[in-house]
1. Would you kindly identify the strands (runs of 3 or more DSSP E) lying entirely within the stretch 54-133 that contain at least 2 residues that are more than 22 Å from ASP23 (Cα to Cα) and in contact (Cβ under 8 Å) with a residue 60 or more places away in the chain?
2. Are any residues in the stretch 47-96 farther than 24 Å from VAL136 by Cβ and touching a helix residue (DSSP H, G or I) at 6+ places or on another chain (Cβ under 6 Å), and if so, which ones?
3. Identify all residues within the stretch 115-148 that are more than 17 Å from SER83 (Cβ to Cβ), modelled with pLDDT of 85 or more and under 17 Å from the mean Cα position of the chain (by Cα); write none if there are none.
4. Scan the stretch 48-102 for residues that are aromatic (Phe, Trp, Tyr) and under 9 Å from the mean Cα position of the chain (by Cα) and jot them down.
5. Name the residue, out of LEU11, LEU44, that is at pLDDT below 90 and farther than 21 Å from HIS140 by Cα.
Amino acid sequence: MKVIVSFFMVLLISIPNLVSASDTRIGIVKNVRGSAFIERSTKLISVKVGERLFEKDVIVTKEESSLGLILRDNSLLSIGSNSRVILSEFRFEPAEQKLSFLTRIKKGTLTYLTGLMAKMNQNAVKFETPSAVCGVRGTHFAIRVEDD
């Protein structure tokens with residue numbers, strides 16, 4: 001009986017370590033104005049302040065809406081109205097030299113203020129639009145993608 005109880009105790013302690021990288025929080029929503037949503041897997045989540053962000057989340061803002069995000073490396077993203085932005089990839093593990101941030105802007109506006117990742121390796125941060133790729137070479141920029 002002690003062996004079975006010990007096994008289940010070890011299993012319960014190990015479960016948090018079995019979470020995949022895509023389940024790791026990459027940031028939070030700092031502020032919201034108007035109506036915005038996160039498409040996560042097959043769910044549509046209404047955005048609220050403090051909402052956790054994860055890799056592969058799709059951020060959608062409606063007309064007259066905007067939101068501000070803070071990422072784990074202290075990067076700041078501001079997303080304007082009528083936008084669709086995919087947080088495609090985010091790795092911030094400085095001790096292992098694993099740094100990458102890829103964001104895809106399908107439509108709308110976005111401003112970015114660099115955090116630690118871009119300061120450690122400016123080539124680790126990329127923004128893609130339907131017609132271009134933007135790499136970070138400064139500390140602050142804005143992108144606007146017109147709707148088809």
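The values are calculated or read from the model by the stated rules, or taken from the named source; none is laboratory data. Computed from a predicted structure; not experimentally measured. Here Cβ is always computed from backbone atoms with ideal geometry, including for glycine, and neighbour counts include all displayed protein chains.
1. Output list is empty.
2. Passing the criteria: none in range.
3. GLY115, LEU116, MET117, ALA118, ALA124, VAL125, LYS126
4. Across the stretch 48-102, the qualifying residues are PHE54, PHE90, PHE101.
5. LEU11
Here is a yes/no grid of residues against (1) surrounded by fewer than 20 Cβ atoms within 10 Å (Cβ to Cβ); (2) at pLDDT 95 or above; (3) aromatic (Phe, Trp, Tyr):
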residue	(1), (2), (3)
VAL19	yes, no, no
SER22	yes, no, no
LYS30	yes, yes, no
PHE37	yes, yes, yes
VAL49	yes, yes, no
PHE90	no, yes, yes
LYS98	yes, no, no
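One line per residue, one yes/no per condition, for (1) over 21 Å from LYS30 (Cβ atoms); (2) out of contact with any strand residue (DSSP E or B) (no Cβ under 9 Å at 6 or more places or on another chain):
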| site | (1), (2) |
| --- | --- |
| ILE70 | no, no |
| ARG84 | no, no |
| GLY115 | no, no |
| ASN123 | yes, no |
| GLY138 | yes, yes |
